[in-house]
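Heads up, the thing below is written out as structure tokens.
The values are calculated or read from the model by the stated rules, or taken from the named source; none is laboratory data. Keep in mind that this is a model prediction, so the values were computed, not measured. So basically every Cβ, Gly included, is an ideal-geometry build from the backbone, and we count neighbours across all protein chains shown. Keep in mind that these areas ignore ligands, DNA and RNA; they rest on the heavy atoms of the full protein, side chains included. Shrake-Rupley method; radii C 1.70, N 1.55, O 1.52, S 1.80 Å.
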Amino acid sequence: QVQLVESGGGLVQAGESLRLSCAASGSFSKINAMNWYRQAPGKQRELVAAVTSGGSTNYADSVKGRFTISSDNAKNTVYLQMNNLTPGDTAVYYCKMEYSSAGYYYALSSWGQGTQVTVSS
């Protein structure tokens with residue numbers, strides 16, 4: 001059982017920045033990867049950024065160079081620094097954690113409730 005709580009969303013103007021946080025709590029033995037997804041109304045949820053336990057990162061082409069994903073392992077928290085925001089970044093942003101837990105043969109995953117990011121022009 002893992003709970004994820006996102007924070008840091010809000011309303012900003014184009015060109016400004018936001019920093020999202022996702023804190024994990026509950027029972028798990030190891031975090032394998034942390035991911036940020038986003039979903040705009042009427043559109044499919046898409047992967048924005050990901051970081052593995054080994055430190056490898058991946059970004060969607062639309063955010064590469066503007067967004068940075070990072071983690072604080074001691075706090076079981078992942079961050080998404082979003083710079084030079086545009087109206088196209090408006091969406092609900094979701095944190096997804098992939099992890100291992102004692103007593104389970106397979107890797108598990110958990111989703112946060114999401115945080116709204118709105119960028120005005």
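Data for the structure
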quantity: Residue of Lys43, Lys64, Lys30 that the Gaussian network model of the chain assigns the largest fluctuation, springs spanning Cα pairs under 10 Å; calculated: Lys43
quantity: Accessible area per residue, Å², segment 52-113 with all protein chains present, probe 1.4 Å; calculated: 58 Å²
quantity: With every protein chain in place, the chain: carbon and sulfur % of accessible area (1.4 Å); calculated: 46 percent
quantity: Proximal charge balance of Gly15 [Cβ under 14 Å; K/R count +1, D/E count -1]; calculated: -1
quantity: Two-decimal Rg to Rh for segment 5-62 - Kirkwood Rh, Cα set; calculated: 1.00
quantity: Kirkwood Rh in Å, taken over all unlike Cα pairs in segment 58-121; calculated: 13.9 Å
